[in-house]
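To start, the structure under review is shown below, and the notes come after it.
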Amino acid sequence: MNFPVTRMRRLRRTEAMRSLVRETHLQSRALIYPLFLCPGEGVRKPISSMPNVFNLSLDEAVKEAERCAELGIGGLLLFGLPAQKDEQGTGAWADDGIVQSALREFKKNRKLDSLVMMADVCLCEYTSHGHCGVVARDGDHFHIENDASVELLAKTAASLARAGADVVAPSDMMDGRIAAMREALDAGGCDQIPILSYASKFASAFYGPFREAADSAPQFGDRRSYQMDGANRREAMREIELDVTEGADMLLMKPAMPYLDILREARERYELPMGAYQVSGEYSMLHAAFERGWLEPQRAMMESLLSIRRAGADFIVTYFAKDAAEVLG
Ligand SMILES: [Zn+2]
């Protein structure tokens, strides 16, 4: 049936009609808010490149988490900025590490029961060199040791789960980490704790502002020997396949908006629940345009989230989680 029998505009006539036939919906329960924990008390340190995002000491983080629970947000993704960093990143798996301590506190607070507590698993916030694994130096050259890093990452995942994480989310991109983490979790009595794998994390310029937020910029070199080349769609599917085989329970795609095609393809191929991380650069560039009056903030924010959802994400990790939850009511 063609025009004039078919008229697509019939179903766009009123908001009630448009709402009835809408295919994709956003909900606060499917938004995850990242939190950056730092030492001290009463600390609420703004991140200059990310408006309305802060480094928070534990007392302030509790207030922020309670607000997220009130807004009906689905969960938090926790990152830590330790007081001390070292070559190995020992703070990542310390029993009294910054995220471990926060998890113990959060888990005692009944107001936070509705939040799924996800703990990022990586070493870059804890290492003095800022890389996600163990650095081996050879004169002027260096490389990141895969298997030695995996061992430390598995230890970190187990430590976070023991402290109360509901989900562990490895973001390091070492080979074989999912199987190693599953083994460490099970051996540590945490066989009920799922792994949310950043299965195909691309080496992206859009992480720039996060490195200020998490104080995790590499001190030398870059991350291209472990994070993926942004040109590679097929390789992304292989990465995901491996993580699924190794026992990942959920997938997290990162970044989101510049990689929506990857998200769509993964959605069509895999049955696992899948999230997408709308990363710092995606957030900052929208805010930069809002500040100049170039984009309408609420509409652009919601449209950016909707595009990620439509591409196939079940849930979205986003710095807009609180703002979007307010709009969604
Ligand atoms: Zn890292």
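Observations, loosely collected:
- The requirement of being in contact with a Gly (Cβ under 6 Å, 6 or more places away or on another chain) and within 16 Å of the ligand (Cβ to nearest atom) is satisfied by Val99.
- Residues of the stretch 86-113 classified as touching a residue at least 60 places away in the same chain (Cβ under 8 Å), charged (D, E, K, R) and not in a helix (DSSP H, G or I), total: 1
- Subset of the stretch 200-251 that is of a type in the set (S, T, N, Q) and without any contact (Cβ under 8 Å) to a residue 60 or more places away in the chain - its residue that is nearest to Leu56 (Cα to Cα): Gln227
- Gln84 surrounded by 21 or more Cβ atoms within 10 Å (Cβ to Cβ) and not hydroxyl-bearing (Ser, Thr, Tyr): no
- Residue check for Ala83: under 21 Å from Gly40 (Cβ atoms), more than 16 Å from the ligand (Cβ to nearest atom) and touching a residue at least 24 places away in the same chain (Cβ under 8 Å): yes
- Residues that are β-branched (Val, Ile, Thr) and either free of Cβ contacts under 8 Å to residues at least 40 places away in the same chain or part of a strand (DSSP E or B) (or both), drawn from the stretch 308-329: Ile316, Val317, Thr318, Val327
- For the stretch 272-282, the criterion of being modelled with pLDDT of 95 or more and surrounded by fewer than 14 Cβ atoms within 10 Å (Cβ to Cβ) is satisfied by no residue at all.
- Residue in the stretch 167-219 that is nearest to the ligand (Cβ to nearest atom), counting only those that are of a type in the set (Val, Ile, Thr) and part of a strand (DSSP E or B): Val168
- For first residues located in the stretch 119-132 and touching a residue at least 12 places away in the same chain (Cβ under 8 Å) and farther than 17 Å from Ala203 by Cβ, partners that are of a type in the set (Lys, Arg) and more than 7 Å from the ligand (Cβ to nearest atom) and lie 6+ apart or on another chain with Cβ distances below 7 Å form the pairs Tyr126/Lys85; Thr127/Lys85; Ser128/Lys85.
- Annotation note: of Ser197, Ser149, the sole residue that is in contact with a Pro (Cβ under 8 Å, 6 or more places away or on another chain), small (Gly, Ala, Ser) and either without any contact (Cβ under 8 Å) to a residue 40 or more places away in the chain or crowded, with 23+ Cβ neighbours inside 10 Å (or both) is Ser197.
- Taken across the stretch 297-307, residues that are in contact with an Asp or Glu (Cβ under 9 Å, 6 or more places away or on another chain) and part of a loop (DSSP other than H, G, I, E, B) do not occur at all.
- Each residue in the stretch 118-139 was checked for being closer than 26 Å to Met250 by Cα and within 11 Å of the ligand (Cβ to nearest atom), and 10 of them qualify.
- Among the conditions (1) aliphatic (A, V, I, L, M); (2) at pLDDT 95 or above; (3) outside any helix (DSSP H, G or I), the only one that Leu153 does not satisfy is (3).
- When Leu115, Leu152, Leu196 are checked against the criterion of being touching a Leu at 6+ places or on another chain (Cβ under 7 Å) and under 13 Å from Gln88 (Cβ atoms), a single residue qualifies: Leu152.
The values are calculated or read from the model by the stated rules, or taken from the named source; none is laboratory data. Being a predicted model, the structure only gives us computed values, none of them experimental. Every residue, glycine among them, receives a Cβ derived from its backbone with ideal geometry; neighbour counts consider all protein chains shown.
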